[in-house]
1. Please tell me the relative contact order of the stretch 169-255 in percent, rounded to the nearest whole number, where contacts are Cα pairs under 8 Å and at least six residues apart.
2. Expressed in whole Å with the largest first, what are the equivalent ellipsoid semi-axes of the chain derived from the C-alpha gyration tensor as the square root of 5 times each eigenvalue?
3. On a C-alpha basis, how far is the centre of the stretch 125-186 from the centre of the stretch 1-66 in Å? Whole number, if you could?
4. In whole Å, what are the extents of the stretch 64-155 along the principal axes defined by its C-alpha atoms, from largest to smallest?
5. Suppose a student asked you for the relative contact order of the chain, using Cα pairs under 8 Å spaced at least 6 residues apart; what percent would you report?
6. In whole Hz, what ³J(HN,Hα) sequence does the stretch 101-112 give by Karplus (6.51, -1.76, 1.60; θ = phi - 60°), x for Gly and Pro?
7. Once both axes come from the Cα atoms, what is the angle between helix 230-245 and the longest principal axis of the chain, in degrees from 0 to 90, rounded to 10?
8. With +1 on each Lys and Arg Cβ and -1 on each Asp and Glu Cβ, and nothing else charged, work out how big the dipole of the chain is about its Cα centre, in Debye to the nearest 20.
Amino acid sequence: MASKRRDDLTVLRDLHQSGSLRMLFPRPAGNALTGVMINCAGGLTGGDRFSVEALGAAHTETTLTTQTAERIYRAIGQETARLSTKLSVGAGGRLNWLPQETILFDRSSFSRRMEVDLAADARFVMIEPLIFGRTAMGEHLRDIRFSDQLRIRRDGALVHADATQLAGDVERALGGDAVTSGQRAVASVVFACPSASLQLEAAKRIVGEAGGVSLKAPDLLSARLIAQDALALRRVAVPLIALLSGNDIPRTWTL
């Protein structure tokens, strides 16, 4: 999908969708454009291939979210579900990438990669919440494969790179004090904005003991959130997203 500016509004310019992945556009409450992604298949499993490409044109403001949490189900054999995401934001534009939780099930196999290209003065907020099995359902992850890669470039130069690789008994791996001390909900947050440093102290107050916040550069803030479950994670994530995006969060995120 691609957005464009029309007068003071951000509107849809192009949209192509196929397979089970769809995007809906709720009636706007302001000048920004919000897109809600829906996976009609109800989840991903080994062998599935999904790709998302979004362009926020110059001086537009776009928010992309999901209708609900994405579920990564048990894979058969060595098949892996793959998700590729490419985002770009033009000069003076803003893109908020705010998907809801990705829930990993036992024996799932999932690989995702995100590439983000920003203009020199573009603004970008992202969160990627990840749930390692639903504690209320008594789920345990004894054998999974999970790979996650993120690359953010500004004006063509790499400014942020992150990678995660997990395999096998994840619950055991997460149990260490240097990992999550057994907590099962985590989230990565990135805020790329020329004035990102101004939000550092406020972000630290919101996150508190639920993770950490750091300033990698004057225009790049990152945070890690850790919680026992999805609800506890949202209680920190929601105000943090609101702070960094400068807007109300999508209604799909309502607690």
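1. Numbers: 124 pairs, mean separation 24.1, N = 87.
Averaging sequence separation for qualifying contacts and normalising by length gives 28 percent for the stretch 169-255.
2. On the way: eigenvalues 162, 97, 55 Å².
Over the Cα atoms of the chain, the ellipsoid semi-axes are 28, 22, 17 Å.
3. 25 Å
4. Computed over the stretch 64-155, the largest-to-smallest principal extents equal 46, 28, 17 Å.
5. Working: 654 pairs, mean separation 33.2, N = 255.
Relative contact order comes out at 13 percent.
6. Per-residue couplings from phi come out as 4, 9, 9, 8, 9, 4, 6, 7, 9, 9, 10, 9 Hz.
7. Helix 230-245 sits at roughly 20 degrees to that axis.
8. Details: 31 positive and 27 negative charges, 62 e Å.
The dipole magnitude comes to about 300 debye.
The values are calculated or read from the model by the stated rules, or taken from the named source; none is laboratory data. What you see is a predicted model, and the numbers here were worked out from it, not measured in a lab. When we count neighbours, we look across all protein chains shown, and the Cβ atoms used for this are built from the backbone with ideal geometry, even at glycine. Surface accessibility is based on the protein's heavy atoms, side chains included, excluding ligands, DNA and RNA. Shrake-Rupley method; radii C 1.70, N 1.55, O 1.52, S 1.80 Å.
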